[in-house]
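The block underneath contains the structure these notes are about, expressed in structure tokens.
The values are calculated or read from the model by the stated rules, or taken from the named source; none is laboratory data. Since the structure is predicted, the reported quantities are computational estimates derived from the model, not experimental observations. When we count neighbours, we look across all protein chains shown, and the Cβ atoms used for this are built from the backbone with ideal geometry, even at glycine.
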């Protein structure tokens, strides 16, 4: 089949679509145009016949009507500016996540909730408590 493809490509002016149709009729096969292009590439045949063809002018792009159904964002609850303890589901970025209460407390656990610097988990007061070094005792 590859030899017949090479013969058709070199002796006739058929396109690969025409070659695929001829091979399908001759061998009772089911070849696609891309299959014929692939076989020609594997046996080293040129893809084009070497002629320079003029390109067709580009057609105007079709205008497509687009329907935009943007989801409506849920309303965020506005919190007061006073620092109040927050529950875990109320914490957001920028809130202090220092736990309040004792270790033995039962849920719901509460957290500090004051403003924390960007990239920090705790407010400045709790940051100092969390990362302080013990004082040396001089005797």
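Data table
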item: Residue list for the range 1-43, filter: in a helix (DSSP H, G or I), in contact (Cβ under 8 Å) with a residue 12 or more places away in the chain and more than 40 Å from the chain's Cα centre (by Cα); result: 2, 4, 5, 6, 8, 9, 10, 19, 22, 23, 26, 27
item: Check on residue 69, outside the structural domain of residue 6 (by TED's automatic domain parsing), at pLDDT below 80, surrounded by 10 or more Cβ atoms within 10 Å (Cβ to Cβ) and part of a loop (DSSP other than H, G, I, E, B); result: no
item: Verdict on residue 79 being more than 30 Å from residue 10 (Cα to Cα) and either at pLDDT below 75 or not in a loop (DSSP other than H, G, I, E, B) (or both); result: yes
item: Of all residues making up the range 109-128, the number that are surrounded by fewer than 10 Cβ atoms within 10 Å (Cβ to Cβ) and without any contact (Cβ under 8 Å) to a residue 24 or more places away in the chain; result: 1
